[in-house]
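Every read-out reported here was derived from the displayed coordinates using simple, explicitly stated rules and does not represent laboratory data. What you see is a predicted model, and the numbers here were worked out from it, not measured in a lab. Backbone-built Cβ (ideal geometry, glycine too); neighbour counts: all protein chains shown.
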Amino acid sequence: MKYRTLGQGLQVSALGLGCSPLSGTPLGDYGYVEDDVALAIMHRAMDMGVTMFDSAECYGPWRSEEQIGRALKGRKREQMVIATKYGFTFAKDGSSVTGQDGSAANARRVCEEALRRLGTDYIDLYYLHRVDANVPIEESVGAMAELVREGKVRYLGLSEPGMDTLRRAHAIHPIAAVESEYSLWERRVEVDVLPTMRELGVALVPFAPLGRGFLTGAITSTKDLGERDLRRSGFDPRFNEGNFEKNYRMVEAVLEVARAHGTTGARIAIAWLLSKGNDIIPIPGVRKLVELEDTFGGVDVQLTELDIRKLEAAAPIGGTAGDRYSKAQLDQVRR
């Protein structure tokens, strides 16, 4: 494993493990994963040198933090970097998301409950999951900063903020990381997000770096996806009929480069992201040990300039057919 520096000095593995696929969300999942399988995957990731594990209250909800808490037992806590997020409200049984809550009170409540579920006394990286349109960012980040002063949190992050919001937040307390979707088929962060973050010294933590599995070539049709799978529910219109077929040219380019290197599409997609800067720490998610071994091998792939030009020609900024979220989800980002 290789390592990078996140934000103001947090040392992390060049790839973190995105834990959402291991636990699901009230919006759906990628197929149910048993807890013992999730535990085996996390332990294998740790043995491979992965140090960052990305979670959230809404993963499950609550289940992901409990899984990580079990995985941490018997491990050196100081060698692990645990990230989690707050900002949503849920039905009592966790079956649905009922709204957003970026208030100071919720920031503290979720932190305290996350510490209990994780079985630890501090969170390394605490994110606001979505900016709450009804709560000033100064209140949300001010409350998170108080948790830093109390020693319950080490670093702060925002997920999918607007750039004006990021600047306002950073003025209250240094923001170490912004989590946003970034991959070959979602490159729009290169237009304004990356330049702003680099100006402020903020790291980018890309989720869905494999295009929600699309860029691996393992999905040839939406018929390959389960009934509850997020990718066939309308949550991600890029998988809709018509868009899927148009976007497959990107997969063909990835697989062509993969064949030239004698490797896999997953590793090429990861290698491309890592080539975009040392301040980028992708967090791919997996559901099987074989996927973990494959995807995380991308840290060892070195792409040529010709490879990069070929990939980016097939996947230009704004060239993907379909929005990356449904309208309801899009309304919650870039606030």
query = Which order do Val290, Val97, Val153 fall in if you start with the one that has the fewest other Cβ atoms within 10 Å?
reply = Val290, Val97, Val153
query = Top mean-square fluctuation among Gly16, Gly226, Gly24, Gaussian network model of the chain, C-alpha springs under 10 Å?
reply = Gly226
inquiry  = Skipping prolines and chain starts, which residues have an amide H placed within reach, meaning under 5 Å, of the one on Phe88, given they are 5 or more residues away or on another chain?
reply    = Asp101
task = Springs between alpha-carbon atoms under 10 Å, Gaussian network over the chain: tell me which of Glu291, Glu160, Glu241 tops the mean-square fluctuations.
result = Glu241
message = Sort 201-209, 2-10 by packing, meaning the average of other beta carbons within 10 Å per residue, with the highest value first.
response = 201-209, 2-10
message = Test of understanding: ordering Arg309, Arg109 by Cβ neighbours within 10 Å, fewest first, what list do you get?
response = Arg309, Arg109
query = By DSSP, what percent of the beta bridges with both residues in region 91-249 are antiparallel, rounded to the nearest 5?
reply = 5
request  = Could you pull the Cα extents of region 116-179 along its three principal axes, largest to smallest, in whole Å?
outcome  = 34, 21, 19
query = Taking the alpha-carbon centroid of each part, what is the distance from region 226-295 to region 110-125 in angstrom?
reply = 31
request  = State, as an integer percentage, the relative contact order of the chain based on alpha-carbon contacts under 8 Å between residues 6 or more apart.
outcome  = 20
task = List Met163, Met144, Met197, Met1 from most exposed to least, where exposure is judged by having the fewest other Cβ atoms within 10 Å.
result = Met1, Met163, Met197, Met144
note = Here the percent of antiparallel bridges among DSSP beta bridges lying wholly in region 1-140, to the nearest 5, is 45
message = What does DSSP give for the chain in terms of the percent of beta bridges that are antiparallel, rounded to the nearest 5?
response = 25
